[in-house]
Amino acid sequence: MSDPRVFLNAMLERGDNGVFLSALVEGHDRVLLDVSHTSPVPPLAALQLSLQNSPLGTVLVGALSVGVVVVLAGDGLSVDRLRARRQHTVDRGALSRADVVAAVRARHPEWDDDRVERVTNSLIQSASNERTDD
């Protein structure tokens, strides 16, 4: 049995591997490596190679990909629905100033009146900015 790791760059520094490799190939203009026991080309690499060599295959895979996107978009995965999911469930513009103050006080009862007012003003201002940014 042989150890194929002797041919790795990191292994050349270990022991006499460098000397062994030099003696093995020295004086010869060709080296024959038996790779018959290696695994075949990985499936995804084989697919990529076959697509690169087949324009028809590339067109078919591209058309299939576009079809999948169209079907998914028709099933409710549209951009508008995804944006709606990202937005907050509570519309801050529908809350009155008193509601915002009450919510801030309930969440942070330790804050003084000045801080509650500053945070309330900031929340109301950011909510109005979000509505005008669209």
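Values as computed for the structure displayed
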{"item": "The listed residue being more than 30 Å from ARG5 (Cβ to Cβ) and at pLDDT 90 or above, out of ARG85, ARG115, ARG81, ARG97", "result": "ARG115"}
{"item": "Residue count for the range 21-71, restricted to those that are surrounded by 10 or more Cβ atoms within 10 Å (Cβ to Cβ) and either in contact with a Phe, Trp or Tyr (Cβ under 9 Å, 6 or more places away or on another chain) or part of a loop (DSSP other than H, G, I, E, B) (or both)", "result": "3"}
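The values are calculated or read from the model by the stated rules, or taken from the named source; none is laboratory data. Keep in mind that this is a model prediction, so the values were computed, not measured. Backbone-built Cβ (ideal geometry, glycine too); neighbour counts: all protein chains shown.
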